[in-house]
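See below for the structure under consideration.
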Amino acid sequence: MNLRDLQYLVALAEYKHFGRAAEATFVSQPTLSTQIMKLEDELGVTLVERTPRKVLLTEVGREIVQRACDVLNEVEQIRVIARRTLDPESGALRLGIFPTLGPYLLPHVVPAIRDRYPRLELLLVEEKTEVILGQLREGRLDAVILALPIHDQQLHIEKLFDEPFVLAVPESNPLARQKSIVLDDLTNQNLLLLEEGHCLRDQALEVCQLAGAGERSGFRATSLETLRQMVAANVGITLLPTLAVKPPVPQVDHVRLIEFRGRPPSRHIAMLWRKSSAMHHFLQSFATLFQQLPESLFDPYRQPQPPD
């Protein structure tokens with residue numbers, strides 16, 4: 001058994017197709033198939049059910065794939081340790097982030113990352129929370145930025161900042177006449193929300209529950225931009241994260257943004273990585289760039305001050 005055979009097996013488990021798995025591992029399909037059969041012979045068990053249309057892993061195959069992922073990840077960590085020892089601030093960082101945060105946060109922090117770590121190659125993956133969490137656990141990402149809570153004893157959680165919500169309403173809505181609101185002002189209101197799978201949907205539903213509000217039936221958006229345009233078209237009202245209404249995001253006509261008085265509803269943003277990661281100390285330093293973002297960035301009516 002060698003590491004290459006384990007890579008073939010993990011690729012086959014991911015793609016469930018010999019041709020695509022071979023392409024992903026840069027070998028011919030016959031080579032990959034032969035190596036999988038040799039691995040089965042060596043272990044004395046059947047790892048793969050071969051059917052005309054698709055590939056299925058046996059029960060023991062699935063268990064061995066999980067172990068193989070752990071082995072390959074540990075090998076990668078050995079390589080990371082060696083690279084980081086030679087030059088702690090160079091190499092690649094594979095960072096996952098979810099789509100209702102990434103486009104609005106990154107413009108404010110990427111310049112600082114480039115200044116602080118000029119030799120660092122930042123590889124960004126934007127996916128829904130469960131997808132990037134899975135990739136982090138499998139070792140395909142080094143760290144992720146997500147909204148809490150996340151419950152996983154194998155992950156280190158480094159809190160970054162709290163991002164308040166604002167209420168977005170059409171100019172013709174009675175709430176548009178108010179300079180600020182409290183949660184009780186949303187009682188019996190129905191809000192436009194994102195489709196299933198977006199963590200922002202779950203966060204908005206929590207706010208609705210606290211306020212006695214509900215969801216606008218018959219409509220679920222696929223992005224924050226869709227929500228924003230539906231508000232502008234007088235379809236309804238919604239909650240938007242503060243970063244999504246700050247420059248360089250352009251203003252949308254006919255939409256009024258209203259802040260919450262007192263302690264506003266917020267989402268709590270953190271960076272997570274595996275506790276076993278060889279990059280632990282570097283990631284702690286990297287996270288400080290997000291923790292040091294100016295407070296004005298999270299106030300919908302204040303412009304961030306330029307650095308001295």
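Values in this text are rule-based calculations from the coordinates and carry no lab data. Bear in mind the structure is a predicted one, so any value in this text is a computation, not a measurement. Every residue, glycine among them, receives a Cβ derived from its backbone with ideal geometry; neighbour counts consider all protein chains shown.
What is the set of long-range amide H partners of ALA213 at a cut-off below 5 Å, with H atoms built 1.01 Å from backbone N?
ASN188
Divide by every residue of the chain the summed helix terms, -39500 (n - 2.57) for each DSSP H run of at least 4, and state the resulting mean residue ellipticity at 222 nm, rounded to the nearest 500 deg cm²/dmol.
Helix-only estimate at 222 nm: -12500 deg cm²/dmol.
Work out from phi, with θ = phi - 60° and the Karplus expression 6.51 cos²θ - 1.76 cosθ + 1.60, the ³J(HN,Hα) of each residue of segment 97-102, listed in order in whole Hz, and give x for Gly and Pro.
Karplus values, whole Hz, x for Gly and Pro: 8, 8, x, 8, 10, x.
LEU56 versus ASP70, label points 7 Å from Cα toward the beta carbon: distance in nm?
Inter-label distance under the simple model: 2.6 nm.
Suppose the chain between ASN2 and PHE219 were pulled fully straight at 0.36 nm per residue; how much longer would it get relative to their current alpha carbon spacing?
Full extension from ASN2 to PHE219 adds 72.9 nm.
Counting only residues 5 or more places away or on other chains, whose amide H sits under 5 Å from the amide H of LEU160 once H atoms are built in the peptide plane?
Residues meeting the criterion, in which the H sits 1.01 Å from N, are ILE269, ALA270, MET271.
HN-Hα J couplings of segment 235-244 from phi, Karplus 6.51/-1.76/1.60, θ = phi - 60°, integer Hz, Gly and Pro as x?
7, x, 10, 7, 9, 10, x, 4, 4, 6
So how do 89-96, 34-41 stack up, highest first, on mean other-Cβ count within 10 Å?
Output ranking for 89-96, 34-41: 89-96, 34-41.
Name the aspartates and glutamates eligible as straight-distance cross-link partners of LYS54: C-alpha to C-alpha under 17 Å, and not fewer than 8 places from it in the same chain.
GLU14, GLU23
How big is the shadow of the Cα convex hull of segment 3-82, averaged over all directions, in nm²?
Taking a quarter of the hull surface, the average projection is 5.3 nm².
What residues have an amide H closer than 5 Å to that of LEU193, excluding those fewer than 5 places away on the same chain, when H is modeled at 1.01 Å from N in the peptide plane?
ARG216, ALA221
With the chain treated as a Gaussian network of Cα nodes joined by springs under 10 Å, which of GLN291, GLN153, GLN77 yields the largest mean-square fluctuation?
GLN153
Most fluctuating residue of ILE145, ILE64, ILE237 in a GNM of the chain with Cα springs under 10 Å: which is it?
Among ILE145, ILE64, ILE237, the largest GNM mean-square fluctuation belongs to ILE64.
Using the Karplus equation 6.51 cos²θ - 1.76 cosθ + 1.60 (θ = phi - 60°), what ³J(HN,Hα) coupling, rounded to whole Hz, does each residue of segment 290-298 give in order, writing x for Gly and Pro?
Going residue by residue, I get 7, 5, 9, 4, x, 4, 4, 5, 9 Hz, with x marking Gly and Pro.
Would you report the distance distribution of C-alpha pairs in the chain as whole percents per 10 angstrom bin, up to the bin with the largest distance?
Reading upward from the zero bin: 5, 22, 25, 21, 15, 8, 2, 0.
When the chain is modelled as a GNM with alpha-carbon springs shorter than 10 Å, which of ARG228, ARG267, ARG216 fluctuates the most?
Greatest mean-square fluctuation among the candidates belongs to ARG216.
In whole angstrom, how far apart do the alpha carbon centroids of segment 194-261 and segment 43-85 sit?
So the separation of the two Cα centres works out to 41 Å.
Here is the link list: LYS128/LYS179; LYS38/LYS275; LYS159/LYS275. Which ones come out longer than 25 Å on Cα distance?
Table pairs above 25 Å Cα-Cα are LYS128/LYS179; LYS38/LYS275.
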